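For reference, the structure discussed in these notes is given below.
What follows is calculated from the coordinates using simple rules that are stated; it is not laboratory data. Since the model is a prediction, treat every value here as computed from it, not as a measurement. A quick note on method: Cβ atoms are made from the backbone with ideal geometry, for glycine too, and the neighbour counts reach across all protein chains shown.
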Amino acid sequence: MSRIKDAFNSNKAFIAFVTGGDPTIEKTKEFILEIEKAGADLVEIGIPFSDPIAEGPVIQEANIRSLSQGTTTDKLFDMVKELRQVTNIPLVFMTYLNPVFHYGYDKFFKNCSDCGIDGIIIPDLPFEEKPEVADVAVKYGIEVVSLIAPTSEDRIKTIAENSTGFIYVVSSMGVTGTRSQITTDLNSILASVKSVTDVPAAVGFGINTPAQAEKISKISDGVIVGSAIVKIIAQYGADATPHIYEYVKSMSDAVHNVK
Amino acid sequence: MLNPRFGIHGGQYIPETLMNEIINLEKQYEYYKNNKEFNDELNKLLNEYAGRPSLLYYAEKMTKDLGGAKIYLKREDLNHTGSHKINNVLGQCLLAKKMGKTRVIAETGAGQHGVATATAAALLDMECEIYMGKEDTIRQALNVYRMELLGAKVHPVESGTMTLKDAVNECMREWTNRVDDTLYVLGSVMGPHPFPTIVRDFQSVISKESKEQILEIEGRLPDAVVACVGGGSNAMGSFYNYIEDKSVALYGCEAAGKGIDTDKHAATIAKGSLGIFHGMKSYFCQDEYGQIAPVYSISAGLDYPGIGPEHAYLHDTKRATYVPITDEEAVEAFEYIARTEGIICAIESAHAVAYVKKLAPTMSKDQIIICTLSGRGDKDVAAIARYRGVDIHE
């Protein structure tokens, strides 16, 4: 039943992120379909939050652009419902806990299920606080993605053992944003993960070139790219579609070439 | 382990990158809080450097003028650096040093916590970086220079509303970037566990002293304790040792800005709702979709959209009462206490004084109020002049 599992089935996965409603809901829909056409295996849709503490400046600004356009959680549910008429690509929400909590956990996860969302990533919901949403997520079949950081050390196995969907391995210290170098010992983190679970592990934070994507795909089940795509949207706005296609194509080709 | 919750409030809603560091902080704090050497060192700093114990002053003229309860002022404004913030930063910076950290980072609103942190860092030979909303660096330019004089680097924060909440955001982001050698010295009883407990413990010296002092002077407990609340550290410190004494009413004064029926206030208890933000479950000013609302107060130190989780719990259990005080009431109280008692207190503290002005006349002459003056008002003089339409140059 899991569309997320399908993303990792045949090859390494390329996961793309866009902020929902940046620059408009209509454009986000167009971008997501273009991202799928360019070869991405899963799309993360950011529900904008006023205070995204895990984001670098690029995605912070995208959140502001989207909120100032009047984007709301309900409008994004409607957008996903419309997208689901035309695509079967796995879709996960990425947002902070407060918009979910304030909406009401039951109502939020029910709406996710009704509109065709497959999973959710909540960066300010660490392992200890998972019980907030665990039961209701299971009830509606939404997979809550666990994050593992360079500092997780002795926590890696516990988190991995209890993960669903896929595991988001944070490549670097700090916040989201492109980096020229990733210095974390990803090999040992991924080895720890693999020793306890078959749940696929994708690496994100800082990845922006095909060479980086290829290198990281060799040791993981996929790569996640956000800021680099959002930067293209910031630069080209409503005209970003062909630029997104070109970039996502180059990245997903690099990832899919790794066997 | 310490309890991470106050009723349903509190918790640890932070990125995974910080979790091991927060767990380590809790372990280290649990060890040092009962360590004699640590406490001796901290008490020495508090007494010989910060100027504790602070005075409990009988405000006789105010008492007579208001014609009700006897009013005592707990003079945190007389501490070194001019506010209660020093109590917490000496504790946290000393803890950081014991933990082997060489660098501290902190957020600041009005600049009081930033100045206090820069001071403690200078004294304890630590590197110090302060995050301050760009808006606040303009409102409180003098404090920016003060921090720089003390050797700190000040980062103006240009994201979001460019005020205190954005400074906290940026400080958390910086902490996820560099945890090995750095402790985030949080300025209030907020954030993820164990910060609300650590900061409350270090601030509880206020009520520990005031209780001893009032018992010595009056031979009995006060009937009411009044303090201003932004995040709520001076109020938590002022309340803590009276929580078990049910006869003592506790009042927290929040910033109502231009009024709680306008959209320009920071009255979290009066107008906020349950939420999860800055690492904690508590009450926040937010919109129908859980977006954190821009807040406003004449006082940069109370200009925060949330409140510490232990206050949220004291509110839920009705142990403490939270009252909104407008800019206008606070400014009047600021001027009133200056003329009546010859004390220029912080505009934050003037919110507490404003409530005392309402409360004291409703009480009898044999009753007692202790009001905490959390800080001194030098930093606010220019803003008050502006509020009154007087053009002065600092």
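General remarks:
- Kyte-Doolittle at least 1.6, axis length at least 15 Å by Cα - qualifying DSSP helices, chain B: none
- Basic side chains Lys and Arg get +1 at the Cβ, acidic Asp and Glu get -1 at the Cβ, and with that the dipole of chain B about its Cα centre reaches some 640 debye.
- Formal net charge of residues neighbouring B:Tyr313 (Cβ-Cβ distance under 14 Å; K, R +1; D, E -1): +3
- Charging the Cβ of each Asp and Glu at -1 and of each Lys and Arg at +1, and nothing else, the dipole of the protein assembly as shown about its Cα centre rounds to 540 debye.
- Electrostatic bookkeeping for A:Lys37 treats Lys and Arg as +1 and Asp and Glu as -1; over the other residues with beta carbon under 12 Å from its beta carbon, the sum is -3.
- Candidate membrane-span-like segments in chain A, meaning DSSP H helices with Cα atoms spread over at least 20 Å of their own axis and a Kyte-Doolittle mean of -1.0 or above, are A:73-86, A:241-256, with no membrane implied.
- Across region A:3-256, the mean sequence separation of Cα contacts (distance under 8 Å, 6 or more residues apart), normalised by length, yields a relative contact order of 25 percent.
- Charge dipole of chain B about the Cα centre (unit charges at C-beta), most positive-ward option of B:Gly308, B:Leu124, B:Tyr57: B:Tyr57
- Beta bridges assigned by DSSP with both partners in chain B are antiparallel in approximately 30 percent of cases.
- Intensity falloff of chain B expressed as log10 I(q)/I(0), Debye formula with alpha-carbon point scatterers, at q = 0.15 Å⁻¹: -1.42
- Of the residues A:Ile182, A:Val144, A:Gly165, the one whose Cα sits farthest toward the positive end of the charge dipole of region A:126-214, with +1 on the Cβ of Lys and Arg and -1 on the Cβ of Asp and Glu, is A:Ile182.
- Most simply put, the protein assembly as shown has about 20% antiparallel DSSP beta bridges, counting only bridges with both residues inside it.
- Dipole axis of region B:207-345 (+1 Lys, Arg; -1 Asp, Glu on Cβ), positive-most option in B:Ile217, B:Gly259, B:Phe284: B:Phe284
- Cα-based shape type of chain A, given that a ≥ b ≥ c are square roots of the gyration tensor eigenvalues and the cut on a/c is 1.5: rounded
- Antiparallel bridges, percent of DSSP beta bridges restricted to region B:18-156 (to nearest 5): 25
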